[in-house]
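K.L.:
One structure, as structure tokens, below. Some questions next.
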Amino acid sequence: MSTLTTNPDTAPAGVDTARKLGLLPEEYDTIKKVLGRAPNFTELSIYSAMWSEHCSYKNSIKQLKTLPRSGPKLLAEAGQENAGLVDIGDGWACAFKIESHNHPSAIEPYQGAATGVGGINRDIFTMGARPIAQLNSLRFGDITREASSRWHMRGVVKGIGDYGNAFGVPVLGGEVYFDPCYTTNPLVNAMSVGIVRTDKVISATSHGVGNPVYIVGSATGKDGIHGASFASKDITETSMDDLPAVQVGDPFMEKLLLEASLELAGTDAIIGMQDMGAAGITCSTSEMSAKGGCGMDIQLDKVPTRQSGMRAWEILLSESQERMLVVVKKGREAEVQTIFDKWDLNCVRIGTVTKGGSLRYFQGEELIAEVPAESLVLGGGAPVYDREVKEPAYIKENARFKTDDVDEPDDLRRVAYDLLASPNIASKRWVSEQYDTMVRTNNMSTNAPSDAGLVLVKETGKGLAVTVDCNGRYVHADPYKGAMIAVSEAARNIACTGGEPCGVTNCLNFGNPYDPEVYWQFAQAIKGMGDACRAFDTPVTGGNVSFYNHTVTEKKNIPVFPTPTIGMVGIVPDVNKRMSLDFKQKGDLIYLIGRSTEDIACSEYLTRIHRIDRSPAPYFDIEEERRLHTMLLILIRKGVINAAHDVSDGGLWTTLVEMALPRGLGFDVITDSEIREDAFLFGEGQGRAVVSVSDEQETPFLDLMQASRVPFILLGHVTKGKLMVDDAPFGTIEDARKVYEEAIPKAMAEQ
């Protein structure tokens with residue numbers, strides 16, 4: 001390429017420009033070697049986006065490659081398509097993925113969250129799959145103390161609700177967690193699940209010299225430019241200056257794009273299709289070309305734009321929403337055009353597939369940039385780094401914690417109700433009521449609540465059990481064990497619903513990878529996740545790494561808790577044998593299955609009531625966990641239990657209250673005399689679930705349990721509405737309901 005130019009977009013750019021764009025000096029030198037010359041400004045902008053952590057995973061890919069990526073139901077190579085894909089039988093597949101939109105949501109919560117929902121749904125339907133369920137995992141600061149955290153939460157929840165409700169996909173579940181470490185840097189992780197015929201899957205690839213390349217959907221604007229680079233740096237006092245890096249969504253346009261894409265998938269007129277997410281046209285052209293082993297010539301002046309006079313690098317890097325790149329079979333252009341005309345969407349030919357691996361971007365007759373596609377992509381020429389690790393000093397401090405050093409409270413009833421008022425335990429109805437949970441009428445868990453969301457696959461009669469899980473406090477206390485617990489709790493939720501897990505997607509939220517302690521947390525969490533996924537035979541189908549969730553100001557340098565959110569999908573073969581969590585009738589027997597220990601480590605009880613932040617992760621044994629899940633499935637399929645709910649945040653007390661609330665029932669239980677009463681009620685030791693059994697099923701239940709290796713004890717029985725613990729009155733279910741349901745609305749009513 002000639003370097004003699006008067007166009008600033010094609011002017012040679014030096015190492016100082018590279019630094020300003022977020023590239024390292026050594027990366028600049030590598031680019032010069034790849035190109036055989038100095039890059040121009042547009043080319044350097046391309047590399048800055050594609051080699052950002054957000055796109056290249058340059059600081060994480062070595063760790064990610066250690067995760068299990070094969071399994072009997074996996075249909076697409078992990079990370080190679082827009083979303084993960086697993087076989088659910090009967091000629092159908094499930095496409096699913098979770099991604100973060102943390103940084104945009106930190107500075108513009110409404111649009112940041114809304115476009116996160118839009119982007120993850122596009123990842124699903126660009127594969128030819130119709131989205132049928134959404135979930136989300138949200139983290140905020142202390143909403144009882146911080147007005148900014150309430151502002152984040154209001155904007156994020158409204159953004160998710162407004163976009164998802166208009167788009168028309170039900171929210172089946174999720175989690176909301178609060179801690180001061182998320183005050184400046186909230187986490188917004190969105191998951192989408194869809195179904196597709198296995199013979200109608202669309203790949204994100206390009207090949208066939210001479211095949212036309214189309215941009216479809218919305219026009220391109222200046223929103224979201226350098227969004228990938230913005231997501232690859234810490235939140236600082238000047239981050240609001242990056243507001244133009246936040247995209248703006250249009251759910252009604254996305255709905256049209258969905259229907260047009262699925263109609264297109266019903267033909268065989270296209271080679272491949274990819275969503276324009278991070279880095280926009282740059283990312284989709286480079287990734288599709290590299291995967292197909294070809295190049296492209298792209299005419300940037302043909303791209304429909306919302307503003308006049310947009311420069312080449314702005315068009316290339318814009319992250320305007322509701323756009324996709326489609327490679328069409330030559331000769332089938334009219335067929336594709338007719339579909340998009342029908343849905344009143346842009347469908348413009350902007351390029352051609354070429355031989356070789358070069359991407360050439362033109363504006364009119366002028367060649368603006370020329371780069372090898374392979375040099376831009378993950379696993380190709382993008383840099384890969386090993387980072388320094390250092391175990392944080394607090395890990396050894398945690399190990400010194402002893403339950404015996406903590407005094408038991410005199411008034412357990414007061415403690416029990418104080419826990420129900422904790423935003424981490426209390427009802428999240430304030431959030432869920434802003435979401436449409438019933439659109440498409442296949443949500444099976446709205447009126448029969450279960451540990452995992454359950455959606456009916458009407459075409460097969462099967463159910464998909466879906467969940468998102470992670471306790472960041474556990475992972476901070478012990479990243480290896482905490483990540484194992486996150487995977488195990490997701491699998492436990494699916495087992496309690498009557499399903500068998502078949503695949504995992506993850507959203508890995510961590511601080512700055514150049515901080516050795518943060519990177520140690522990351523490496524340990526990956527190891528724990530991998531070991532747990534192998535134990536449950538759940539391959540990792542793909543996901544998202546979100547580094548730089550780290551607040552840096554003159555006064556503080558705070559990373560968020562390491563939060564590897566696990567999205568898991570399972571299959572319920574017969575939806576008539578699904579299981580809900582609610583107690584069914586007075587007189588039913590209540591059993592706890594799984595091992596109870598004298599453990600209050602890392603619990604909400606220890607943190608909230610005793611103000612102790614330093615303790616190890618709670619009790620956990622992977623083999624006991626596996627046996628519990630197997631036993632739950634046996635009990636459900638034999639029909640000997642009528643409710644099941646796992647013991648997790650808040651311990652056994654919270655589990656019992658949540659089982660009693662839906663039908664306004666109560667319970668009368670006796671604690672284990674060999675275990676501290678506070679540990680038995682409020683400890684969060686893993687591998688446990690509560691089930692209820694009718695009188696008629698008690699004998700077959702006991703026969704099955706006694707033949708197993710899973711410990712179990714009789715706790716008591718379901719009552720009409722009173723709550724009794726060790727013959728002491730703990731109020732009524734309506735007392736508990738008032739505290740449990742009013743806590744978050746009361747906090748959010750503050751300005």
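K.L.:
When the chain is fully extended, how far beyond the present Cα-Cα distance does residue 348 get from residue 433, taking 0.36 nm per residue of separation? Walk me through the intermediate numbers first.
P.N.:
Numbers: separation 85, 0.36 × 85 = 30.60 nm, distance 4.01 nm.
Taking 0.36 nm per residue and subtracting the Cα distance, the gain is 26.6 nm.
K.L.:
Diagonalise the Cα gyration tensor of the range 15-62 and give the resulting equivalent ellipsoid semi-axes, square root of 5 times each eigenvalue, largest first, whole Å.
P.N.:
Working: eigenvalues 63, 26, 18 Å².
So the three semi-axes of the range 15-62 are 18, 11, 10 Å.
K.L.:
So what is the relative contact order for the chain, in percent, with contacts set as C-alpha pairs under 8 Å and at least six apart?
P.N.:
15 percent
K.L.:
From zero outward in steps of 5 Å, how is the percent of C-alpha pairs of the range 646-751 spread across the bins?
P.N.:
2, 11, 19, 21, 20, 14, 7, 3, 2, 1, 0, 0
K.L.:
To one decimal place, what orientation-averaged projected area in nm² is obtained for the convex hull of the Cα set of the chain? Let's see the in-between values first.
P.N.:
Values: hull surface 121.9 nm².
Quarter of the Cα hull surface area: 30.5 nm².
K.L.:
What full-extension length gain, to one decimal in nm, is calculated for residue 142 and residue 267 as 0.36 nm per residue of separation minus the Cα-Cα distance?
P.N.:
Working: separation 125, 0.36 × 125 = 45.00 nm, distance 5.06 nm.
Length gained between residue 142 and residue 267: 39.9 nm.
K.L.:
Tell me the label-point distance for the pair residue 663, residue 699, using the 7 Å Cα-to-Cβ offset, in nm and rounded to one decimal.
P.N.:
2.3 nm
K.L.:
Right, here's the next one. With the cut-off at 1.5 for a/c, could you classify the range 485-617 from its C-alpha gyration tensor as rounded, prolate or oblate? Before the final figure, lay out the partial values.
P.N.:
Working: a/c = 2.55, a/b = 1.46, b/c = 1.74.
Taking the square roots of the gyration eigenvalues as a ≥ b ≥ c, the range 485-617 is oblate.
K.L.:
If r is the Cβ-Cβ distance from residue 411 to residue 706 and R0 is 51 Å, what FRET efficiency results, to the nearest 0.05?
P.N.:
Taking R0 as 51 Å, the efficiency between residue 411 and residue 706 is 0.85.
K.L.:
What is the percent carbon and sulfur in the accessible area of the range 537-687, measuring with a 1.4 Å probe over the protein chains and ignoring ligands?
P.N.:
On the way: 2140 of 4870 Å².
The computed percentage sits at 44.
K.L.:
Rounded to the nearest 10 degrees, what's the angle between the helix 147-167 long axis and the longest principal axis of the chain, both from Cα atoms, 0 to 90?
P.N.:
Approximately 70 degrees, to the nearest 10.
K.L.:
With a ≥ b ≥ c the root eigenvalues of the C-alpha gyration tensor of the range 458-502, is it rounded (a/c under 1.5), prolate (a/b larger than b/c) or oblate? The partial results should precede the final answer.
P.N.:
Numbers: a/c = 3.98, a/b = 3.37, b/c = 1.18.
Prolate, because a/c is 1.5 or more and a/b exceeds b/c.
K.L.:
In degrees, nearest 10, range 0 to 90: what is the angle between the Cα axis of helix 109-125 and the longest Cα principal axis of the chain?
P.N.:
Helix 109-125 sits at roughly 80 degrees to that axis.
K.L.:
Determine the shape class of the range 551-616: with a ≥ b ≥ c the square roots of the Cα gyration tensor eigenvalues, call it rounded for a/c under 1.5, and otherwise prolate if a/b is greater than b/c, oblate otherwise.
P.N.:
Details: a/c = 3.22, a/b = 1.68, b/c = 1.91.
Verdict is oblate for the range 551-616.
K.L.:
Sum up the charges of everything whose Cβ sits under 15 Å from the Cβ of residue 430, counting Lys and Arg as +1 and Asp and Glu as -1, but leave residue 430 out. Can you show the working numbers first?
P.N.:
Details: positive: 150, 154, 158, 428, 429, 737, 738, 746; negative: 175, 433, 741, 742, 750.
Net charge in that neighbourhood comes out at +3.
K.L.:
Please find the FRET efficiency linking residue 390 to residue 19, where r is the Cβ-Cβ separation and R0 is fixed at 25 Å, and quote it to the nearest 0.05.
P.N.:
Values: r = 26 Å, r/R0 = 1.06.
Given R0 = 25 Å and the Cβ-Cβ separation, E is 0.40.
K.L.:
Next question. Could you give P(r) for the range 35-107, binned at 5 Å from zero, as whole percent values over all Cα-Cα pairs?
P.N.:
Cα pair-distance distribution for the range 35-107, in percent: 3, 11, 13, 18, 15, 14, 11, 8, 4, 2, 1.
K.L.:
Right, here's the next one. Placing one identical point scatterer on every Cα of the range 242-308 and ignoring solvent, what is log10 I(q)/I(0) from the Debye formula at q = 0.28 Å⁻¹?
P.N.:
Summing over Cα pairs of the range 242-308 leads to -1.29.
K.L.:
Kirkwood hydrodynamic radius of the range 390-497 from all distinct Cα pairs, in Å? Display every interim value, and only then the final one.
P.N.:
Values: mean 1/r = 0.0570 Å⁻¹.
For the range 390-497, the Kirkwood estimate is 17.5 Å.
K.L.:
How high is the relative contact order of the range 588-731, in percent, with contacts defined as C-alpha pairs under 8 Å that are six or more residues apart?
P.N.:
Values: 277 pairs, mean separation 60.7, N = 144.
With pairs under 8 Å counted, the relative contact order is 42 percent.
K.L.:
Same structure again: Tell me the carbon and sulfur percent of the accessible area for the range 97-140, rounded to whole percent, probe radius 1.4 Å. Walk me through the numbers before you get to the answer.
P.N.:
Details: 210 of 520 Å².
So the carbon and sulfur contribution to the accessible surface is 41 percent.
K.L.:
Can you tell me the 0 to 90 degree angle between the C-alpha axis of helix 333-342 and the longest principal axis of the chain, rounded to 10?
P.N.:
Between helix and principal axis, roughly 50 degrees.
K.L.:
Next question, about the same structure. Using only helices, what value at 222 nm comes out for the chain when you add -39,500 (n - 2.57) per DSSP H run of length 4 or more and divide by the total residues, to the nearest 500 deg cm²/dmol? List each step's numbers first, then the result.
P.N.:
Numbers: 25 runs with 254 residues, N = 751.
My calculation for the chain gives -10000 deg cm²/dmol from helical runs alone.
K.L.:
Also, quick follow-up: What is the magnitude of the charge dipole of the chain about its Cα centre, with +1 placed on the Cβ of each Lys and Arg, -1 on the Cβ of each Asp and Glu, and no other charges, expressed in debye to the nearest 20? Could you put the intermediate results ahead of the total?
P.N.:
On the way: 75 positive and 100 negative charges, 308 e Å.
About 1480 debye.
K.L.:
Let me know the Kirkwood hydrodynamic radius for the range 328-431, please, with Cα pairs as the basis and the value in Å to one decimal.
P.N.:
On the way: mean 1/r = 0.0444 Å⁻¹.
One over the average 1/r among Cα pairs gives 22.5 Å for the range 328-431.
K.L.:
Send over a whole-number figure in Å² for the accessible area per residue of the chain, probe 1.4 Å. List each step's numbers first, then the result.
P.N.:
On the way: 26560 Å² over 751 residues.
With all protein chains present, the chain gives 35 Å² per residue.
K.L.:
Roughly what % of Cα-Cα distances in the range 395-441 sit above 13 Å, to the whole percent? Present the calculation step by step, with values, prior to reporting the outcome.
P.N.:
Working: 807 of 1081 pairs.
Looking at the range 395-441, the distances longer than 13 Å represent 75 percent of pairs.
K.L.:
On the first, second and third principal axes, largest extent first, how far apart are the outermost C-alpha atoms of the range 358-400 in Å?
P.N.:
Largest first, the range 358-400 extends 70, 18, 11 Å along its Cα principal axes.
K.L.:
Bins of 5 Å, beginning at zero and ending with the bin holding the largest distance: percent of Cα pairs per bin for the range 598-674, please.
P.N.:
3, 11, 16, 19, 23, 16, 8, 3, 1
K.L.:
Taking the inverse of the average 1/r across all pairs of different Cα atoms in the range 24-157, what Kirkwood radius in Å do you get? Could the numbers behind the result be given before it?
P.N.:
Details: mean 1/r = 0.0548 Å⁻¹.
Kirkwood radius, the range 24-157: 18.3 Å.
K.L.:
Work out how much length residue 222 to residue 207 would gain on full extension: take 0.36 nm times their residue separation and subtract the Cα-Cα distance, in nm to one decimal. It would help to have the intermediate numbers written out before the result.
P.N.:
Numbers: separation 15, 0.36 × 15 = 5.40 nm, distance 2.98 nm.
The span from residue 222 to residue 207 would gain 2.4 nm if fully extended.
The values are calculated or read from the model by the stated rules, or taken from the named source; none is laboratory data. For clarity, every value in this text was computed on a predicted model and none was experimentally measured. Counting neighbours? That spans all protein chains shown, and the Cβs are built from the backbone with ideal geometry, glycine included. Accessible surface is based on the protein model in full, side chains and every heavy atom, while ligands, DNA and RNA are left aside. Shrake-Rupley method; radii C 1.70, N 1.55, O 1.52, S 1.80 Å.
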